[in-house]
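Here is the structure we will look at, set down as structure tokens.
The values are calculated or read from the model by the stated rules, or taken from the named source; none is laboratory data. Computed from a prediction, not measured in an experiment: that's the story for all the values here. Cβ coordinates were reconstructed from backbone atoms using ideal geometry, including for glycine residues, and neighbour counts include every protein chain displayed.
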Amino acid sequence: MAALSLSEFAQKLLDSGRRLDAAHALETLLLINEGNPSNRLLLARMYIILKENHFRARARHHLEWILEHEAPLQVLQAAASLLVKNVYITNGPAEKAARLIENHPEWFAESDLVLIRAQLDTLDGYLKRARADRRRSSPPLEVAEVGNTDFALKAFIFKEFKAQAADKDVSGSFFTFGSCFARNVARAMSAAGVAVDSFWVGEEVNTTFSNLNLLRFILGEPIEHADYYAAVLQGQDIARLRASLTSSDNVIYTLGVATAFFGEGDRYIPHHPGNLRTLVRDKGAEYRFSTVEENVRELRRMDELLARHSRVRNIFLTVSPVPLAASLLSSSAAVDDSESKSILRTTAGIVCREKPQRFTYYPSFEAFRWLPCFQDQAAFGADDGSFRHTNTDLVENVVSIFLESTAVSAAVRES
């Protein structure tokens, strides 16, 4: 099929209301002629119409591509207007909108400039109000205040973290571990030029009990079920991980799940797909939610372990936003996931208040589980539609604010 006829076919699909099919047709068209800015503009418009976050992320990609390549002025103007009004102002960062207008005012109609500047002034007003000293914190007064992701994160989620981080020496290297979210954080930090190493494990392993044992295994301490943890870390360079962990200055640990198997005397029993059926049938093994007290105990032991073997000064705790893949406790994994995350979030709060000179709560969990409730975007599936894959743009935004809030950002800028 020729490129022109395929474009016409996509338009017919759009006219008939089959927007998703039209988007697929346009994607095929780009495979034929990927350098056509007009087709990219049409596809970006389609994604914005669809209003789902993983489509909006694709729209951003195509619109930014158009502005970076040669294109007719009319296409540049349309792309710039869409990018500012439907991406930068709605999802952030708003600074990009202001910068684009400043650098290329010729791409915008005067009426558009008036509207956009008014929206930017409104966002700036929200930010100034949020920065004002208050004797008590308060949520947004209206949903419009959290329309811009970058602003909302800084004004309503990371404000306390920024104040706490300002009092800490966060120079040096990082080590992240816990869930797959820890790996995503490490990738974003590495891309920002931060010295970071990490390991991550599957959901069935990502309890405070197993993560403590994994650290003990890496650091060479004797543990029960050593063969199990050796299998979990199969393919990893244990010597390298040990050297990296012992020489790290800062740790970011993402708590994953609160559900686990326990035996006599509440002894933790690690599980994996190979022994799951046996444990379910074992009357001596109980699958249950671990308690807040049990998880607090494990984090205290983790702190003692790191103090013995490493030079770690700061331990940043967060809760993985990734939901449970399955549950053995009830017929609703969503309800069980809520209880599991609540236990871990409470645990993190207790430990951070108990020992603030050592522990700091890093509110990435709230960025994914609280903020999207008020926005026309999803925190998961933006890149591939998966229910359990975090939005890459939001991960990068959350990590960027972490770097801005600590001495790490200054170190990166100087390097």
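Here are a few things to note about the model shown:
- Of 324, 317, 328, all but one fail to be more than 21 Å from residue 390 (Cβ to Cβ) and not aromatic (Phe, Trp, Tyr); the exception is 328.
- Single residue of 306, 324 found to be within 19 Å of the chain's Cα centre (by Cα) and either within 25 Å of residue 248 (Cα to Cα) or not basic (Lys, Arg) (or both): 324
- Cβ-Cβ under 7 Å pairs, at least 6 apart or on other chains, the stretch 180-200 side touching a residue at least 40 places away in the same chain (Cβ under 8 Å) and at positive phi, far side in a helix (DSSP H, G or I) and surrounded by fewer than 22 Cβ atoms within 10 Å (Cβ to Cβ): 193/412
- Qualifying position, being more than 30 Å from residue 337 (Cβ to Cβ) and buried (at least 18 other Cβ atoms within 10 Å of the Cβ), among 244, 171: 244
- Condition check for residue 340: over 25 Å from residue 394 (Cβ atoms) and either among the polar types (S, T, N, Q) or not assigned by TED's automatic domain parsing to the domain that holds residue 196 (or both): no
- Test: residue in the stretch 187-204 that is within 21 Å of residue 263 (Cα to Cα) and either exposed (fewer than 14 other Cβ atoms within 10 Å of the Cβ) or assigned by TED's automatic domain parsing to the domain that holds residue 325 (or both): yes
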